[in-house]
Structure formats: C-alpha cells, structure tokens
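A short write-up of the structure that comes next.
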Amino acid sequence: MINMAPAGFEPGPITRSFILCPGNIEYYLADLLAPIFHDLGLSPNAVTLINAFVIRAYAIYIFVYLRWFQVFLPLHTFSGILDCTDGQIARRYLLGSDFGAKLDHATDNLYAIALVLAILHNISVNFGVASVQFGLFSVFSILIALLGNCAMIVKEKAIRWKDLTILQRLGVVQEWYMSYITIFILQFLIFTKTIR
C-alpha cells in the first residue's frame, strides 16, 4: 500500500482507500475506476488530458456562458474523481512519472485559476469590482492559494505530520477536501445570489 499522507499521519475511515491516499469518497471511486481505465488502455496522462480538455473545459464553458450552475456542480465533482483516478492508476500500476505529476499539477492549477476567474467575472458583472462580494471572494481565493502552497511544501519536503505548522496542517486538509470546499462555496454563492 502506498501512503501519500505526511509521515506519522494516521488514516481514519474517511481517509482510507484501497491504495491509501488521504482524501474522501473521490479516492474510493477513483480506486474503482482505475482498473477500468487501465484495462481500456488509458495511461494516467491520458486521463489527466481527458479531464482537462473535455470535462473541465466543458464545465467552465457551462459556468461562464450558460450559467447552468447546477449542471456545473456534478461535472466539477466528476472532474475531481478523474483527478484522483489518474494518480491512482499511476500508483497502482507503477506508471507514475515526473512529467505526469507536473502535468497533473499544472492542469489542476489552470482549472482552479479558470474557476476563480469565472466566479470573479460573474461577481463583477453582477456587483462590480469595488463590491464587498468581489473583495471577499478575492481574499478567500488568495487564502486558499496560500494554504495550497503550504500543502505543496509539505509534500516536497516530506515533513512529518507531527512537525507541521497549523497553516501546513490546514493546507494539507484543504487539499484533501478541496472539491467539497468548492462545492460548499459554490452552493453558498448560488444560494446568496452572489453568482447568477
């Protein structure tokens, strides 16, 4: 079993998968999809590219141009599952590479930036750039990015769980549950009519 958690992290019932990668239901579903995609001959990089250029591109189009937010959310969730699946294929079948890891990271970052820009554009159209809503979401996005950077430092330096700072722990937990955080924030923005 491969453990992607910082050394010393003890997995619990919601941070366990067949190939241990701390996370949530996405990793469980990714474990189920990995052998199917592998049997279809799809490499981890192929899954990454399909996710980036088919699922995510279509999801952003739906968000920006059609504003079908309730259609966007399931696509976003499926994209999160595929994002876990490429890594699970790489780990399970020993198909990982430095290029694949960088490609996955780059497509994740581009998608996150595109989504933040789409939300900011929507808020600016409805409330203006000088609005409280625009400012609050901008600050929130910067904080999430800083926490994400903390998580990357933990991975790169292989820092033990017990040695993490509070910000690094928050960053790691934020990374594991980012899809859920995004869905919660989007539902909040829809409910409050901040995006429309």
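Is region 56-63 home to any residue that is closer than 18 Å to Arg196 by Cα and out of contact with any helix residue (DSSP H, G or I) (no Cβ under 8 Å at 6 or more places or on another chain)?
Taking region 56-63 as the starting set, the residues that turn out to be closer than 18 Å to Arg196 by Cα are 59-63.
If we keep only those that are out of contact with any helix residue (DSSP H, G or I) (no Cβ under 8 Å at 6 or more places or on another chain) as well, we get 61.
Checked region 56-63: at least one residue is closer than 18 Å to Arg196 by Cα and out of contact with any helix residue (DSSP H, G or I) (no Cβ under 8 Å at 6 or more places or on another chain).
Which is at negative phi, surrounded by fewer than 17 Cβ atoms within 10 Å (Cβ to Cβ) and modelled with pLDDT of 90 or more, of Ala57, Ala7?
One residue alone meets the criteria, Ala57.
Please note which helices (runs of 4 or more DSSP H) are completely contained in region 58-177 and include at least 3 residues that are closer than 20 Å to Ala34 by Cα and either in contact with a strand residue (DSSP E or B) (Cβ under 9 Å, 6 or more places away or on another chain) or in contact (Cβ under 8 Å) with a residue 40 or more places away in the chain (or both).
Correct list: 69-92, 98-127.
Quickly run through region 29-47 and pick out the residues that are buried (at least 17 other Cβ atoms within 10 Å of the Cβ), over 17 Å from the mean Cα position of the chain (by Cα) and not small (Gly, Ala, Ser). Talk me through it step by step, then tell me what you get.
Applying the first criterion (buried (at least 17 other Cβ atoms within 10 Å of the Cβ)) to region 29-47 yields 29-31, 33-34, 37-38, 42-45, 47.
Subsequent filtering for residues that are over 17 Å from the mean Cα position of the chain (by Cα) retains 33-34, 37-38, 42-43.
If the condition is that a residue be buried (at least 17 other Cβ atoms within 10 Å of the Cβ), over 17 Å from the mean Cα position of the chain (by Cα) and not small (Gly, Ala, Ser), then Leu33, Phe37, His38, Leu42 are the ones that fit.
For Ile195, which of the numbered conditions (1) crowded, with 17+ Cβ neighbours inside 10 Å; (2) modelled with pLDDT under 90 fails to hold?
The number of the failed condition is (2).
In the list Ile123, Ile113, which residue meets the criterion of being crowded, with 19+ Cβ neighbours inside 10 Å and either touching a helix residue (DSSP H, G or I) at 6+ places or on another chain (Cβ under 9 Å) or not polar (S, T, N, Q) (or both)? Spell out how you get there, then give the answer.
Numbers: Ile113 fails: crowded, with 19+ Cβ neighbours inside 10 Å.
None of the others qualify; the one that does is Ile123.
Can you tell me which of (1) under 28 Å from Asp31 (Cβ atoms); (2) of a type in the set (D, E, K, R); (3) not in a helix (DSSP H, G or I) is the one Lys193 doesn't meet?
(1)
Do the conditions hold for Leu115, that is, is it within 18 Å of Phe184 (Cα to Cα), of a type outside the set (Val, Ile, Thr) and in contact with a Gly (Cβ under 9 Å, 6 or more places away or on another chain)?
Numbers: within 18 Å of Phe184 (Cα to Cα): yes; of a type outside the set (Val, Ile, Thr): yes; in contact with a Gly (Cβ under 9 Å, 6 or more places away or on another chain): no.
It is false that Leu115 is within 18 Å of Phe184 (Cα to Cα), of a type outside the set (Val, Ile, Thr) and in contact with a Gly (Cβ under 9 Å, 6 or more places away or on another chain).
The values are calculated or read from the model by the stated rules, or taken from the named source; none is laboratory data. These numbers were taken from a predicted model, which means no experiment stands behind them. Glycine also receives a Cβ, built like all others from the backbone with ideal geometry; neighbour counts cover every protein chain displayed.
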